[in-house]
Amino acid sequence: MEPPWKVRLYPLLGIFLLVSLLYLNFSNNLTFSVLLWQPKMGFVSTNSTQFIIINGGPGDQDLSTLYINGWNSYWLMQESVWTPSRSKVSKMLKKGAELGLTVCRTWAFSDGNGSSALQVSPGVFNERVFQGLDYVIVEARKHHIRLILSLVNNLNAFGGKAQYVKWAQEAGTNVSSSDDSFFSNPTIKDYYKTYIKAIMTRKNSISGVSYSDEPAIFAWELMNEPRCASSSSAPVLQAWITEMAAFIKSLDRRHLVTVGIEGFYGLNTTNKSEVNPGEWAASLGSDFIQNSAIDNIDFASVHAYPDSWIPHADSEAKANYLSLWVDSHISDGEFVLRKPVLFTEVGSTRHVNNKGLYDLDVLLKIVYNKIYDSAKKGQSGAGALIWQLLVEGVEEYSDRFSFVPWNYPSTYKLIEAQSYRLRNLFAKDRKERGVP
């Protein structure tokens, strides 16, 4: 006769073996296996000029006010479509977490008829690609990373607004050939709203969590770098932002919304003209102050590319320009907008200057120091996201501002140091105030 403890143990071993077998063979398609391991995370909200975490979990320990050190890897969904390449996505998120980074900005769009397109025609989606985005979100949460998900491209890469215009033309809609009709044509706006609704109401096929209830999503970004350069375009873009931000909020009140603008000051912001990198920047239809002031826009986005914007300037002039650019936008966030300002793309080449330092390190340190100073004062400079980080094997997504961080020790140490001094600042503050 078997001892009683063995009789009880056999069924448990059988269940364990069955669960292990199912996990090893079907883990990408099973909800329960993920739910067992998904860490608790709090949603991010705003308190005037600061980000705050609401009901945070263990991964948010010592943080209630959130100042961000983060990065861009726009390629995550693309590399998650096919199972063999998902390890690259997991590696990027793991390495980001090891650097102390907390927010990643990535594309939640790919419009067209390619094999990796998410939206193959208006309102028609490739489920395999959607499952790739599901995987990105689950892996991000696993590593305590929050995602800014951008919803469409101003540029033609991955379809963008040009693809929406093409769809409308192919459907026989009377639409201008200008890509800027994306912002004004009712049919095209309906296409975009249909896409937004599909994203907002998506239930993750791996975790079973609806996107609208997913705390690993930091924010929705309306468009990557919207520009509307046709004649008298500024009111058109302003109206589009107002309409689409309100539409997102009607579907999802839990997540933040930002525009995705580069931060250029428009023609009506005359006292800021000297901050723009050139006269051309005021003619693109966007305006940092007006676009960011819209009620349903929760925080302001800014980009920074001195190498592209003032290409003929020397290293010192680029550094001085960047310093003014950052100061101006943080000041506007603090005293005009009363909203957090997040530098969602900060990029530079890896040229070595006459002092033997990488230009990227010099310019990144300027931004990091100003964010840290803002954090110490509790002001609106809420963080910066470097453009962009890669891992080995994804070189096809590279541009002149992209790099594998562990291949450049000085930059790696700079990023890591910023992460930990921001975190330590608020851990110390909470300890001094006796907050557990």
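Brief remarks follow.
- Only one of the numbered conditions (1) over 22 Å from the mean Cα position of the chain (by Cα); (2) buried (at least 18 other Cβ atoms within 10 Å of the Cβ); (3) not aromatic (Phe, Trp, Tyr) is not met by ILE137, and that is (1).
- Scanning the range 321-336 for residues that are touching a residue at least 60 places away in the same chain (Cβ under 8 Å) and either more than 15 Å from ASP287 (Cα to Cα) or open to solvent by 10 Å² or more (accessible area, probe 1.4 Å) (or both) gives a single hit, GLU334.
- Of all residues making up the range 356-403, the number that are among the aliphatic types (A, V, I, L, M), in contact with a helix residue (DSSP H, G or I) (Cβ under 9 Å, 6 or more places away or on another chain) and not in a helix (DSSP H, G or I): 8
- Qualifying residue in the range 90-98 (condition: of a type outside the set (S, T, N, Q), buried (at least 21 other Cβ atoms within 10 Å of the Cβ), part of a loop (DSSP other than H, G, I, E, B) and in contact with a Ser or Thr (Cβ under 6 Å, 6 or more places away or on another chain)): no
- Identity of the residue in the range 338-394, open to solvent by 20 Å² or more (accessible area, probe 1.4 Å) and of a type in the set (A, V, I, L, M), that ends up farthest from LEU422 (Cα to Cα): VAL352
- Any chance GLY59 is open to solvent by 30 Å² or more (accessible area, probe 1.4 Å), modelled with pLDDT under 95 and not in a strand (DSSP E or B): no
- Scanning the range 287-326 for residues that are closer than 16 Å to ASN224 by Cα and either touching a Phe, Trp or Tyr at 6+ places or on another chain (Cβ under 9 Å) or assigned to a helix (DSSP H, G or I) (or both) yields ASP287, PHE288, ASN291, SER292, PHE299, ALA300, SER301, VAL302, HIS303, ALA304, TYR305.
- Any hit, the range 117-124, residues being under 21 Å from GLY159 (Cβ atoms), without any contact (Cβ under 8 Å) to a residue 40 or more places away in the chain and either open to solvent by 40 Å² or more (accessible area, probe 1.4 Å) or within 16 Å of the chain's Cα centre (by Cα) (or both): yes
- Taken together, the residues in the range 224-269 that are open to solvent by 60 Å² or more (accessible area, probe 1.4 Å), within 30 Å of ASP213 (Cβ to Cβ) and assigned to a loop (DSSP other than H, G, I, E, B) amount to 2.
- Residue count, the range 63-89 (criterion: of a type outside the set (Ser, Thr, Tyr), open to solvent by less than 20 Å² (accessible area, probe 1.4 Å) and part of a loop (DSSP other than H, G, I, E, B)): 2
- Among residues of the range 150-176 that are without any contact (Cβ under 8 Å) to a residue 24 or more places away in the chain, those with a beta-carbon under 7 Å from a residue that is part of a helix (DSSP H, G or I) and of a type in the set (D, E, K, R) at least six positions away or on a different chain give the pairs ALA162/ASP179; VAL165/ASP179.
- Residue that is nearest to PRO226 (Cα to Cα), among those in the range 155-174 that are open to solvent by 20 Å² or more (accessible area, probe 1.4 Å) and in a loop (DSSP other than H, G, I, E, B): LEU155
The values are calculated or read from the model by the stated rules, or taken from the named source; none is laboratory data. Note that the structure is predicted; figures quoted are calculated from it, not measured. Positions of Cβ are generated from backbone atoms using ideal geometry, with glycine treated the same way; all protein chains shown enter the neighbour counts. Keep in mind that these areas ignore ligands, DNA and RNA; they rest on the heavy atoms of the full protein, side chains included. Shrake-Rupley method; radii C 1.70, N 1.55, O 1.52, S 1.80 Å.
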